[in-house]
Protein chains: 2
Amino acid sequence: MQKFNRNQRIMAITKILMENPNKIINLNKFTGMFNAAKSTISEDIVVVRQTLNRLSMGTIETISGAAGGIKYTCGISDEKIKEFAEELCIILQDKQRIVPGEFMYISDVMYNPQIVYKAAIVLASQFKGSKINYIVTVQTKGIPLAYEVAKILGVNLVIVRRDSKVTEGPTVSINYVSGSNRRIQTMSLSKQAINKGSKCIFIDDFMKAGGTALGIINLLREFESELVGIGVLIDNINTEKKLVDDYVSIVKFSGVDENQSPIVYPGIIK
Amino acid sequence: MQKFNRNQRIMAITKILMENPNKIINLNKFTGMFNAAKSTISEDIVVVRQTLNRLSMGTIETISGAAGGIKYTCGISDEKIKEFAEELCIILQDKQRIVPGEFMYISDVMYNPQIVYKAAIVLASQFKGSKINYIVTVQTKGIPLAYEVAKILGVNLVIVRRDSKVTEGPTVSINYVSGSNRRIQTMSLSKQAINKGSKCIFIDDFMKAGGTALGIINLLREFESELVGIGVLIDNINTEKKLVDDYVSIVKFSGVDENQSPIVYPGIIK
């Protein structure tokens with residue numbers, strides 16, 4: 001086999017790391033793939049690590065031991081977070097988005113992979129360092145965002161349903177009171193979806209009073225598991241009282257101005 | 001600013017291309033970012049392109065003209081497709097997955113980002129070259145897969161709902177007959193979700209008789225749009241008659257064996 005040169009190895013190593021965020025990759029994978037010595041691969045990784053650092057694009061951690069290797073973690077600078085939140089506000093400041101009940105039409109945003117990916121990096125960066133087992137969301141609109149956060153953090157996604165479906169097997173259901181309109185709603189989750197003693201982060205598109213988040217806390221208790229963080233894209237701060245207090249949001253929404261346009265501003269400011 | 005050397009530029013260019021599949025990136029982005037001449041960047045891109053080709057990991061296309069630049073397309077070799085389908089079959093061959101009605105519990109698979117990502121590359125590779133505007137799916141279990149295919153193909157996702165929700169604004173609903181149990185079901189989509197004259201691909205987790213796919217064809221007609229492809233993870237071939245005939249699947253499922261374990265085998269064979 002013709003050898004790969006440094007440029008080629010760096011390209012391929014970068015691609016493989018990007019595709020496996022927060023997963024430990026043993027160096028043997030690379031030595032085998034490129035037919036190269038471990039010391040050579042280590043030098044390649046130094047280049048990748050330094051460039052990531054220099055561009056604030058992420059970090060590479062070395063894990064020692066038999067099950068060790070390198071682990072890439074997605075990163076973003078505070079400046080880029082601010083820039084993204086501001087761009088998002090411009091997209092959201094459109095009066096045609098307002099739907100009766102101080103809701104916004106945001107499906108186009110939540111289903112745009114390029115926006116979702118950036119939003120997920122921002123949210124994931126708020127939780128990096130926390131040891132978690134799952135990202136939890138409730139159907140439907142927050143699913144792509146929650147999936148992308150799960151991918152970046154290297155864990156599985158859990159989707160709580162509003163109905164229960166034949167293909168889920170035995171499920172656990174709870175009733176909860178929606179914080180904003182006081183309606184009783186149901187959420188259900190397959191019994192085999194979460195292992196006991198898990199730590200989870202709840203990701204959603206929009207938070208009003210936080211009734212859904214509170215419901216998730218109660219549902220996770222049924223699985224002897226714990227909610228350790230909440231992240232949403234948009235936080236409606238025009239709400240009398242929030243039912244949860246510890247959460248992060250990328251954009252704050254505080255109703256409409258005199259032109260019926262949404263009032264939005266960046267939520268994560270450092 | 002200290003200059004970036006070739007290794008560093010290749011690392012960063014690779015990362016940016018991976019994050020923007022099927023999107024045209026103007027070379028000025030890179031010349032500005034690295035403070036480098038266009039000819040230097042072009043040489044970097046040659047290295048990235050050659051390495052991608054050599055490892056069957058994708059292609060880079062050059063688009064000329066004022067709005068031109070380079071476009072990365074995800075790729076996978078036939079051998080890797082086969083390998084992935086075989087791995088997936090091993091995961092699915094577990095008798096505990098069988099749920100009454102010849103369904104399988106597959107939420108753990110559909111919500112595992114590493115499996116979803118690989119499955120999405122396989123499905124996207126079947127449709128590359130087709131000019132499409134949206135990836136369409138129906139809630140809930142196929143959403144992560146459909147999202148990932150949309151991201152890889154560089155288009156937006158559209159999620160058809162079984163209910164209609166206040167935040168969606170005006171919607172279009174149709175009734176359709178589920179092919180396998182002959183039940184009448186409803187699907188609805190926000191009027192502003194799809195532009196007229198669009199070409200779409202339907203992605204889902206599981207196909208039984210194809211009633212849902214047929215429903216999507218009819219729903220898209222209401223938007224004067226067209227379904228040009230169907231891709232599913234698992235195709236239940238134990239069905240008397242399929243209501244649609246032109247689709248691709250990664251795994252074929254043909255009921256259970258004498259031990260009540262699922263009978264599955266790779267679906268895409270070249």
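The values are calculated or read from the model by the stated rules, or taken from the named source; none is laboratory data. Not measured: the values here are computed from a predicted model. Quick reminder, even Gly has a Cβ in these numbers, built from the backbone with ideal geometry, and neighbours come from all protein chains shown. Areas reflect the complete protein model, heavy atoms only, side chains present, ligands, DNA and RNA absent. Shrake-Rupley method; radii C 1.70, N 1.55, O 1.52, S 1.80 Å.
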* For residue A:131, label point 7 Å along C-beta direction: distances to other copies, nm -> 5.4
* **Peptide-level mean, for B:185-197, of C-beta atoms on other protein chains within 10 Å** => 1
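With every protein chain kept in the model, how would you rank A:15, A:208 by accessible area, 1.4 Å probe, largest at the top?
On the way: A:15 5, A:208 45 Å².
Highest to lowest solvent-accessible surface, that is A:208, A:15.
Between residue B:175 and residue B:61, what is 0.36 nm times their sequence separation minus the Cα-Cα distance? Round to one decimal in nm.
Working: separation 114, 0.36 × 114 = 41.04 nm, distance 4.26 nm.
Answer, rounded to one decimal: 36.8 nm.
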* Any idea how far apart residue A:43 and residue A:24 come out in nm if each label point goes 7 Å out from Cα toward Cβ? -> 2.7
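Given Cβ point charges of +1 (Lys, Arg) and -1 (Asp, Glu) and nothing else, what value in debye, to the nearest 20, does the dipole of the stretch B:6-74 about its Cα centre take?
Numbers: 9 positive and 4 negative charges, 12 e Å.
So the magnitude is around 60 debye.
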* Asked: How far is helix B:113-127 tilted, in degrees, relative to the longest principal axis of the Cα atoms in chain B, given as a value from 0 to 90 rounded to the nearest 10?
  -> 90
* Asked: Across peptide A:133-143, how many C-beta atoms of other chains are within 10 Å of each residue C-beta, on average?
  -> 3
* For the stretch A:172-247, what proportion of DSSP beta bridges, expressed in % and rounded to the nearest 5, is antiparallel? -> 45
* So what's the angle, to the nearest 10 degrees on a 0 to 90 scale, between helix B:78-92 and the longest Cα principal axis of chain B? -> 40
* Which one of A:216, A:70, A:156 has its Cα pushed farthest toward the positive end of the charge dipole of chain A, where Lys and Arg give +1 and Asp and Glu give -1 at the Cβ? -> A:70
* So if we plug the beta-carbon distance of residue A:196 and residue B:33 into 1/(1 + (r/R0)^6) with R0 = 35 Å, what FRET efficiency do we get, rounded to 0.05? -> 0.15
* Nitroxide proxy distance, nm - points 7 Å out along Cα→Cβ at residue A:108 and residue A:83 -> 2.4
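Taking N as the number of residues in the protein assembly as shown, what is its Cα Rg relative to 2.2 N^0.38 Å? Spell out each step's value before the answer.
Details: Rg = 23.3 Å, N = 540, 2.2 N^0.38 = 24.0 Å.
Working it through for the protein assembly as shown, the quotient is 0.97.
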* Asked: Going by accessible area, probe 1.4 Å, with all protein chains left in place, what is the ranking of B:78, B:257, largest first?
  -> B:78, B:257
* Asked: How big is the gap, in Å, between the Cα center of the stretch A:120-161 and the Cα center of the stretch B:89-133?
  -> 19
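Beta carbons within 10 angstrom, averaged per residue: use that to sort the peptides A:117-130, B:50-63, highest first. Show your work: numbers first, answer last.
On the way: A:117-130: 20.4, B:50-63: 16.4.
Most protected by this proxy first, the peptides run A:117-130, B:50-63.
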* **Residue among A:211, A:32, A:142 with the largest mean-square fluctuation in a Gaussian network model of chain A, springs linking Cα atoms under 10 Å** => A:32
* Structure fact -> Distribution output for the stretch B:6-74: share of Cα-Cα pairs per 5 Å bin in percent, first bin at 0, values 4, 17, 32, 29, 15, 3, 0
* Compute the Kirkwood hydrodynamic radius of chain A, taking the inverse of the mean of 1/r over all pairs of distinct Cα atoms, and give it in Å to one decimal. => 20.4
* **GNM result for chain B, Cα springs below 10 Å: residue of B:12, B:66, B:37 fluctuating most strongly** => B:66
* Nearest 20 debye, what's the magnitude of the dipole of the protein assembly as shown about its Cα centre given +1 on Lys and Arg Cβ and -1 on Asp and Glu Cβ? -> 900
* Give me the angle, in degrees from 0 to 90, between the Cα long axis of helix A:211-222 and the longest principal axis of the Cα atoms of chain A, rounded to the nearest 10. => 60
* Structure fact -> CD proxy, 222 nm, chain B: helix-only mean residue ellipticity via -39,500 (n - 2.57) per DSSP H run with n ≥ 4, per residue, nearest 500, stands at -11000 deg cm²/dmol
* **Those residues of the stretch A:151-189 whose amide nitrogen sits under 16 Å from the label point placed on residue A:218, 7 Å along Cα→Cβ** => A:161-163, A:172-189
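May I ask you to give the average projected area over all directions of the convex hull of the Cα atoms of the stretch A:159-247, in nm² rounded to one decimal? Spell out each step's value before the answer.
Details: hull surface 22.5 nm².
Its average projected convex-hull area is 5.6 nm².
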* **Packing-based ranking, highest mean first, of A:237-244, A:42-49 given that Cβ atoms within 10 Å are counted** => A:42-49, A:237-244
